[in-house]
1. Specify whether the C-alpha gyration tensor of region 183-255 places it in the rounded, prolate or oblate class, a ≥ b ≥ c being the square roots of the eigenvalues: rounded for a/c under 1.5, otherwise prolate if a/b is larger than b/c and oblate if not.
2. Taking neighbour counts of Cβ atoms within 10 Å as a proxy for exposure, in what order, fewest first, do 100, 28 appear?
3. Within the set 74/150; 74/103; 45/94; 150/244; 38/103; 201/265, which residue pairs have Cα atoms separated by over 19 Å?
4. Taking the beta-carbon count within 10 Å as an exposure proxy, list 130, 31 from fewest neighbours to most.
5. Which value, in debye to the nearest 20, gives the size of the charge dipole of region 191-259 about its Cα centre, when Lys and Arg are +1 and Asp and Glu are -1 at the Cβ?
6. What nm value, rounded to one decimal, do you get for the distance between residue 196 and residue 59 when each label is placed 7 Å out toward the C-beta?
7. At a 10 Å Cβ-Cβ cut-off, how would you order 30, 117, fewest neighbours first?
8. What are the ³J(HN,Hα) couplings of region 59-66, residue after residue, when phi is run through the Karplus curve with 6.51, -1.76, 1.60 and θ = phi - 60°? Round to Hz, x for glycine and proline.
Amino acid sequence: MLKNLSRLAVASSCVLSVTMPASAHFQLAYTPEVNATKAGDQPVKLIFWHPFENGHVMDMAEPIEFYAVHRGEKVDLKSTLSPITFHGTENEAKAYDATLPLKRSGDYVMVVVPEPYFEESEDIYIQQITKSYVNRNEIPTDWMEPQGLKTEILPLNRPTNIVAGSTFTGRVLNEGSPVAGAEIEIEYMAAEPDMARNAPKAPTASPMPGGSVVAISDENGYFTFGVPKAGFWGFAALGSGPEKEFQGKELSQDAVLWVRAYDVK
């Protein structure tokens, strides 16, 4: 994880850089289809992983909170959680199956507030407060609204149909206030989870030379990224939350956002 990236001059909405050789930790709230037409139960997997490199998987404890926001109403999803073992290419770890019930048309904003994870190699705790989106019937209702989380990334582009080759802009928030100079790690989900096998599919891309791709938010918390490829893209604003310590050790309370990009056909 990045802890002491030197501050870069911000000329516009963000600056992109590559740093450090290791890939980033990313909390997933994954479902393969984010644009649905039918009502019914949508399968979801919660995995703490390195999906760009199809690498190491971390054990997840039961989340503190797992819910969806639909038309401004909160729907608790913790009762749908079922423990699984996710079999990565390097190791296996504890993860969760879950269900997102789709009823009325509109956006469903899934929110995961995980228990902090102790990263022994860095001697810190990591808590990635994560948002993912599903839409039913192409009707926008909630995606453009902040969810009042301790920290979050507010999308300024509709997160369920980004055009590959265009740009995505987000705004990093700490308890509703913009975060200037936030370090945002950017991750491509090169290996998507196989929902039946609890294992990764074959990867469709390789990690970037030079390590993690990074953006820096501007003085108003905004950053922009040119999305080069269709698929799922994750953004993690490192240490953007208000809480800095857990059980006597440093806590990186991160905001994570997942969006889906498509090729124009």
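Read-outs: derived from the displayed coordinates by stated rules, not from any lab. Note that the structure is predicted; figures quoted are calculated from it, not measured. All Cβ positions, even for glycine, are placed from backbone atoms using ideal geometry, and neighbour counts span all protein chains on display.
1. Oblate is the answer for region 183-255, as a/c is 1.5 or above yet b/c matches or exceeds a/b.
2. On the way: 100 22, 28 27.
The most exposed by this proxy come first: 100, 28.
3. Details: 74/150 16 Å; 74/103 14 Å; 45/94 11 Å; 150/244 12 Å; 38/103 8 Å; 201/265 24 Å.
The pairs that break the limit, which is 19 Å between Cα atoms, are 201/265.
4. Numbers: 130 28, 31 21.
So the ranking, lowest neighbour count to highest, is 31, 130.
5. 340
6. 3.1
7. If I rank by nearby Cβ atoms, fewest first, I get 117, 30.
8. 5, 9, 7, 4, x, 5, 9, 8
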